[in-house]
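Trainee: Here it is, the structure, as structure tokens.
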Amino acid sequence: MKLASLKHGRDGMLVVVSRDLTRFVAVPHIAPTMQHVMDDWAHCAARLARIYDMMNEGHVAGEKPFHASDCASPLPRAHQWADGSAYVTHVELVRKARGAEMPPSFWTDPLMYQGGSDRFVGPTEDIVVGDESWGIDFEGEVAVITDDVPYGTDASHAEHHIKLLMLVNDVSLRNLIPAELAKNFGFFQSKPATAFSPVAVTPDELGEAWHGGKVHLPLHVYLNGEQFGAPNAGEDMTFSFPQLVAHAAKTRELGPGTIIGSGTVSNTDRSRGSACIAERRTLEQIEQGAPKTPFMKFGDTVRIDMLDLDGKSIFGTIEQKVRQHGG
């Protein structure tokens, strides 16, 4: 099924969305918000799925047209947002760009940082940045949302706790990152508010594309209307989503509504392009001796989408413009 949160207060209003992303119906009698669903997945999911099936068969009253511009993030705020770096070849390239060695352990032990989750950006809201010189970059990713994950859950049991998937634009301010990481205490200022796709979907919506705990479909990324890349999210993913969930749960329980990201989707087949500017700049540095592609400027746009085998959008489209803070 497909679920979304329309803009309404701090936590949005939960709606069920038709498979073709054209219609929605509100379900306050089942759950007022997405977080309510995650808190009580066992009770809510089956009831929501019945509404979804009836909607796709044309048997639900009260439907209204669905527009991504009306949406907040599926979880407008979350108790936890942790982003991994599952595509290790991407990590290797980006570290090379800032002159940092990559320890061999990165191939066996996932990287993960804890991002800000007090407010996410809606799928069509602007990327607000104070200064172009900070190196504004998009990062196209996939993420999962879990229910309660017990302390120490291993990868073989973690997939059972993955209830929803969505797309991500995890914005990075590249020129602020080196100084922050030099403090050996992680990202903060260099990671502004994250955006997610208009809808979150249950794994069964992906059909055969969801296997091995990975999404085996291209992630389409456009910069200013031109395709920037379409790397396949299932290929070259060193760590599956169950492995990432297990990594996060090694020393703690994960509360319902925890979001775990894949990190920037990246393939070793460079002909598929990139899902962030930093990767392209690094490749230009290696191949041409200097980076050519500039980071984003005020007024630039990014679009991120994923299509099914029939060419139809699965999650709806993230489409954002960069805007100067206070402008």
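Trainee: Within region 31-48, count every residue that is under 20 Å from H8 (Cα atoms), without any contact (Cβ under 8 Å) to a residue 24 or more places away in the chain and surrounded by fewer than 19 Cβ atoms within 10 Å (Cβ to Cβ). Working first, answer last.
Mentor: From region 31-48, those under 20 Å from H8 (Cα atoms) are 31-39, 48; that's our starting set.
Next, from what is left, pick out any that are without any contact (Cβ under 8 Å) to a residue 24 or more places away in the chain: 31-32, 36.
Checking which are surrounded by fewer than 19 Cβ atoms within 10 Å (Cβ to Cβ) leaves us with 32, 36.
So the count comes out to 2.
Trainee: Residues of region 234-292 being of a type in the set (S, T, N, Q), modelled with pLDDT of 95 or more, more than 16 Å from the chain's Cα centre (by Cα) and open to solvent by less than 60 Å² (accessible area, probe 1.4 Å), which ones?
Mentor: Listed by number, the residues that qualify are T238, N267.
Trainee: Quick one: which residue in V60, V88, V128 is modelled with pLDDT under 95 and open to solvent by 20 Å² or more (accessible area, probe 1.4 Å)?
Mentor: Details: V88 fails: open to solvent by 20 Å² or more (accessible area, probe 1.4 Å); V128 fails: modelled with pLDDT under 95.
None of the other options fit; the residue is V60.
Each row is one residue, and each column tells you yes or no for (1) aliphatic (A, V, I, L, M); (2) over 30 Å from A4 (Cα atoms); (3) in a strand (DSSP E or B); (4) touching a helix residue (DSSP H, G or I) at 6+ places or on another chain (Cβ under 6 Å).
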{"site": "Y113", "(1), (2), (3), (4)": "no, no, yes, no"}
{"site": "P123", "(1), (2), (3), (4)": "no, no, no, yes"}
{"site": "S133", "(1), (2), (3), (4)": "no, yes, no, no"}
{"site": "H160", "(1), (2), (3), (4)": "no, no, no, no"}
{"site": "L181", "(1), (2), (3), (4)": "yes, yes, no, no"}
{"site": "G186", "(1), (2), (3), (4)": "no, yes, no, no"}
{"site": "A193", "(1), (2), (3), (4)": "yes, no, no, no"}
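Trainee: Would you check if there is a residue in region 139-152 being crowded, with 24+ Cβ neighbours inside 10 Å and farther than 22 Å from P256 by Cα? Spell out the reasoning first.
Mentor: Step one: filter region 139-152 for residues crowded, with 24+ Cβ neighbours inside 10 Å, giving 139-146.
From what's left, farther than 22 Å from P256 by Cα: 139-140.
Yes, some residue in region 139-152 is crowded, with 24+ Cβ neighbours inside 10 Å and farther than 22 Å from P256 by Cα.
Trainee: Another question, then. List the number of the failed condition for M1; all other conditions in (1) closer than 26 Å to E253 by Cα; (2) under 23 Å from the mean Cα position of the chain (by Cα); (3) crowded, with 20+ Cβ neighbours inside 10 Å hold.
Mentor: So M1 meets the others, but not (1).
Trainee: So, in region 164-192, of the ones that are in contact with an Asp or Glu (Cβ under 6 Å, 6 or more places away or on another chain) and open to solvent by less than 30 Å² (accessible area, probe 1.4 Å), which residue ends up nearest to G234 (Cα to Cα)?
Mentor: Restricting to residues being in contact with an Asp or Glu (Cβ under 6 Å, 6 or more places away or on another chain) and open to solvent by less than 30 Å² (accessible area, probe 1.4 Å), the top hit is V168.
Trainee: Considering each residue of region 203-221, count those that are open to solvent by less than 30 Å² (accessible area, probe 1.4 Å) and farther than 14 Å from A143 by Cβ, and give that number. If you could, list the steps in order and put the result at the bottom.
Mentor: Start the filter on region 203-221 by keeping residues that are open to solvent by less than 30 Å² (accessible area, probe 1.4 Å), which leaves 203, 206, 209, 213, 215, 217, 219, 221.
Filter once more, so that each one left must be farther than 14 Å from A143 by Cβ: 209, 217, 221.
Total satisfying the criteria: 3.
Trainee: When you scan region 301-315, do you find a residue that is over 30 Å from A45 (Cβ atoms), of a type outside the set (K, R) and buried (at least 20 other Cβ atoms within 10 Å of the Cβ), even just one? Working first, answer last.
Mentor: As a first pass, look at region 301-315 and keep what is over 30 Å from A45 (Cβ atoms): 301-303.
Subsequent filtering for residues that are of a type outside the set (K, R) retains 301-302.
Retained after the next criterion (residues that are buried (at least 20 other Cβ atoms within 10 Å of the Cβ)): 302.
Taking every residue of region 301-315 in turn, at least one turns out to be over 30 Å from A45 (Cβ atoms), of a type outside the set (K, R) and buried (at least 20 other Cβ atoms within 10 Å of the Cβ).
The values are calculated or read from the model by the stated rules, or taken from the named source; none is laboratory data. These numbers were taken from a predicted model, which means no experiment stands behind them. Every residue, glycine as well, gets a Cβ built from its backbone with ideal geometry; the counts of neighbours run over all protein chains shown. With ligands, DNA and RNA removed, areas are computed over all heavy atoms of the protein, side chains included. Shrake-Rupley method; radii C 1.70, N 1.55, O 1.52, S 1.80 Å.
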